[in-house]
Amino acid sequence: MLNWVNCRLKHSKAPFAISVIVLASAFALTGAAQTAPPVTSGEQLPLPGHPVPADHYQFSEHNIEWVQTQPPQVQMEFLLGAAINHDHGATDIINKMVEGWHGKVHYTQKFDDLSMTALYSNDLRVRAAAIEITLAVDNLSKADETAERLMASADKSPGYRPYAMWVLGMLANRGVEPEHIHEFLLGYLHDPTEKTRYWTVEGLAHLGTDDTIKDFLDVFRNDPSLEVRERAGCSLAKSGMLTRGQRMLAVPGLIDLADDPSLDPTTRSWVYQALREITNEHLGNDPAAWRNWFSTAGAKRRDEFRQADQWAVLGNS
C-alpha cells in the first residue's frame with residue numbers, strides 16, 4: 001500500500017528551478033551565499049502544555065545583536081533555521097525584517113532545504129514565515145499588481161504556470177487578492193497538463209480558506225493522476241495553511257469518498273489515512289464506523305481543535 005508518509009513534495013525542485021531561471025532576469029536577483037558561524041540559542045524554556053510544542057529556546061540579546069550585523073542572506077537563513085527549531089521570537093523577528101530582504105536574498109541549496117522543512121512545520125507561524133521569505137527571495141511585492149502580472153504570464157506561458165500557481169497561492173495567503181487568485185487557480189485545476197494541476201493544488205493549499213476544502217475533495221475523487229490526488233489528500237490532512245479546525249470540515253466529504261465503490265484502492269487507503277490524521281481518531285477502514293463517530297463526537301473534536309492554539313497543526317517538525 002502506498003503511503004504519503006510526511007506529505008513532503010516529491011518534486012520540490014520544480015517551481016524553484018523555474019523561479020531561478022525566470023526571476024533571475026525579471027527581478028535581477030543578486031548576492032552570494034554566506035555561512036553563519038555557530039551561535040547558541042540561549043536558555044532552554046519549559047515545554048508549554050500544548051498538543052504541539054512551539055517555542056523551545058529564547059533568543060538572547062547577544063544573538064539578536066549578532067543577527068543584525070550579518071548580511072541579509074545570513075540573517076534570512078539563520079532565522080528560518082531558528083524558526084524551524086521553534087526558537088522563541090524567531091518568527092517575530094522574521095516578520096520585522098523580511099521586507100528589508102527583498103532583492104537582497106537569493107536561492108541556495110541551504111535555503112531550498114530550509115524552506116521545504118519550514119513549509120511542513122507543525123506550527124503555522126513557521127509555515128507563514130517560509131511563505132514571507134519565499135516572496136522576499138523571489139522579490140515579489142505583496143501587491144495586486146504582482147498578482148496580476150503573474151496571472152497574465154501564466155495564461156501566456158504553460159511552462160511558467162507551475163511556478164505562478166505556487167507563488168500566487170502564497171500571495172493570496174498574505175492577503176493579496178485572495179478571492180481573485182482562488183478563482184484563477186480554479187481555472188487550472190482541471191488543466192490537461194498534470195504538472196499544472198499538481199502545482200495548482202499546491203497553490204490552493206497555501207490559501208488556507210474554507211472554500212478550498214471542496215476543491216481538494218473534488219481533486220481527490222476525480223483527478224486522473226495518482227500524484228495529483230495524493231497532493232489533494234495531503235492538503236486536506238496536514239500540508240498547507242488550513243488549521244486543524246478547518247480540516248475537520250473535510251471529514252463528511254472524506255467519509256462519502258470512503259463509501260464510494262468506484263474509488264481505487266490506493267486513493268481509498270489515502271482517504272482513511274487523511275481521516276485519521278485530521279481527526280486524531282484511529283478507527284479502521286470502515287465508513288460506517290467513521291459516520292457513527294462523526295455523528296456522535298465530530299462536533300466536540302472540532303471544538304477541541306478550535307479552542308487549542310490555532311497555529312498548532314499536524315506537521316513533520
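Summary table
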quantity: Among the residues listed as Leu226, Leu254, Leu249, the single one being closer than 25 Å to Arg301 by Cα, of a type in the set (A, V, I, L, M, F, W, C) and surrounded by fewer than 20 Cβ atoms within 10 Å (Cβ to Cβ); calculated: Leu249
quantity: Selection status of Ser269, under 22 Å from the mean Cα position of the chain (by Cα) and either charged (D, E, K, R) or surrounded by fewer than 23 Cβ atoms within 10 Å (Cβ to Cβ) (or both); calculated: no
quantity: Residue within region 145-161 that is in the same structural domain as Arg231 (by TED's automatic domain parsing), at pLDDT 95 or above, over 22 Å from Val98 (Cβ atoms) and surrounded by fewer than 19 Cβ atoms within 10 Å (Cβ to Cβ) present; calculated: no
quantity: Any hit, region 157-171, residues being over 24 Å from Ile278 (Cα atoms) and either without any contact (Cβ under 8 Å) to a residue 12 or more places away in the chain or in a loop (DSSP other than H, G, I, E, B) (or both); calculated: yes
quantity: Thr243, sole failed condition from (1) over 26 Å from Thr279 (Cα atoms); (2) among the β-branched types (Val, Ile, Thr); (3) surrounded by fewer than 22 Cβ atoms within 10 Å (Cβ to Cβ); calculated: (1)
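The values are calculated or read from the model by the stated rules, or taken from the named source; none is laboratory data. None of these values were measured; they are calculated from a predicted model. Backbone-built Cβ (ideal geometry, glycine too); neighbour counts: all protein chains shown.
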